[in-house]
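Notes follow once the structure below has been shown.
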């Protein structure tokens, strides 16, 4: 049974017209910190083309983009975020991510705050960005925190070959309740949404006893911070194991609403298949419609090069933007065009989420960064 305080809070907020009755969120990844990504190259051409392609979806959905802020050259990050704010495109930042340990530890262009535990930026850095961009900085994401914790445990025991020599490994565990609580407290204080996305869940991997304890921690946190977190299933399980989850994937994450989650969601990834560039668009559309039909609060998409004309991500910095072959960079791929058509043909169901404070737009976009 859903806690009474959650239902009442949502009902009161919705009746008060505070913005709690919202449309489903669509979140599109722009850059995970790759060496040939949009941020490192300050690729304003691709960026503005992607924004233009996403704009039609705003008629039915709350559309946002997702970036990883761990890039070393902060000026480039700020220029990209400035453009997003100036063009009124809200963004979500990866705050706690497997990418900060794997890609962050092994690439020269990145400088994550704490790669051993997957922290891309400090709370102080996130706060400075919130002050600078106001409501355009709309949320943070936790991605594959459970999966990476499992991976770290496996590297130390049964599967050392899973790790790379360049990884910075924690002395304790990758997952930490205190890290989660610090970030959730920050999110609640500053009106940010939180997407907690993972493919490693005890319902699907019941043999992992530590994971069961981690999910007990998650439930405690959801009760302490009700209405802040949307718990999402990521359909990128290794060996294409997610393919068979389509009929009932939501049962893995939907029950967390009983503990105080704002709702459930789907991280819809073309890594559903072993070769992500060859995933049929029909698969991505089927997963998307399954999420919306079942009442998901959000659907988040990656990688960017599946949907838009950009090179596949590399760990090393590889210039592409000046090459003639990439003059059409950022334009929609056919997979995005077909997805957008399906989304605009889909009736957007009204859902309920906790209110998010609107503390203004970007502050002094032309000034020096925080």
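Set the Förster distance to 30 Å, then compute FRET efficiency between residue 316 and residue 177 from the Cβ-Cβ distance, nearest 0.05. Numbers along the way, then the final one.
Numbers: r = 35 Å, r/R0 = 1.18.
It comes out at approximately 0.25.
The shape of the range 22-352 comes out rounded: with a ≥ b ≥ c from the C-alpha gyration tensor, a/c is under 1.5.
Quick check on the range 252-356: take the gyration tensor over C-alpha atoms, sort the square-rooted eigenvalues as a ≥ b ≥ c, and tell me if it's rounded (a/c under 1.5), prolate or oblate.
Numbers: a/c = 2.28, a/b = 1.94, b/c = 1.18.
The shape class here is prolate.
Cβ crowding within 10 Å ranks 98, 290, 334 as 334, 290, 98, fewest other Cβ atoms first. Across 71, 45, 231, mean-square fluctuation computed from a Gaussian network of the chain (C-alpha pairs under 10 Å connected) peaks at 45. Per residue, the chain reaches -10000 deg cm²/dmol at 222 nm when only DSSP H runs of four or more residues are counted, each adding -39500 (n - 2.57).
Calculate, for residue 169 and residue 323, the FRET efficiency according to 1/(1 + (r/R0)^6) with r their C-beta to C-beta distance and R0 35 Å; round to the nearest 0.05.
Once the sixth-power term is evaluated, E becomes 0.40.
Extension gain, residue 205 to residue 185: 0.36 nm times the residue separation minus the Cα-Cα distance gives 4.3 nm.
Normalising the average separation of contacting C-alpha pairs (under 8 angstrom, six or more residues apart) by the number of residues puts the relative contact order of the range 22-352 at 21 percent.
Classification of the range 147-298 by its C-alpha gyration tensor yields an oblate form. The axis ratio a/c (a ≥ b ≥ c) is 1.5 or more, and b/c is at least a/b.
When DSSP beta bridges are restricted to pairs lying wholly in the chain, around 15% turn out antiparallel. Sorted fewest first by neighbouring Cβ atoms within 10 angstrom, 120, 83 come out as 83, 120. Sorted fewest first by neighbouring Cβ atoms within 10 angstrom, 73, 42 come out as 73, 42. Straightening the chain between residue 74 and residue 278 buys 70.1 nm, computed as 0.36 nm per residue apart minus the Cα-Cα spacing.
In the range 52-167, Cα pairs under 8 Å separated by at least six residues give a relative contact order of 26 percent.
Rule-based calculations on the coordinates, nothing more; no lab input. Bear in mind that the values here come from a model prediction, so they are computed numbers and not experimental data. As a convention, Cβ positions derive from the backbone with ideal geometry for all residues, glycine included, and neighbour counts pool all protein chains shown.
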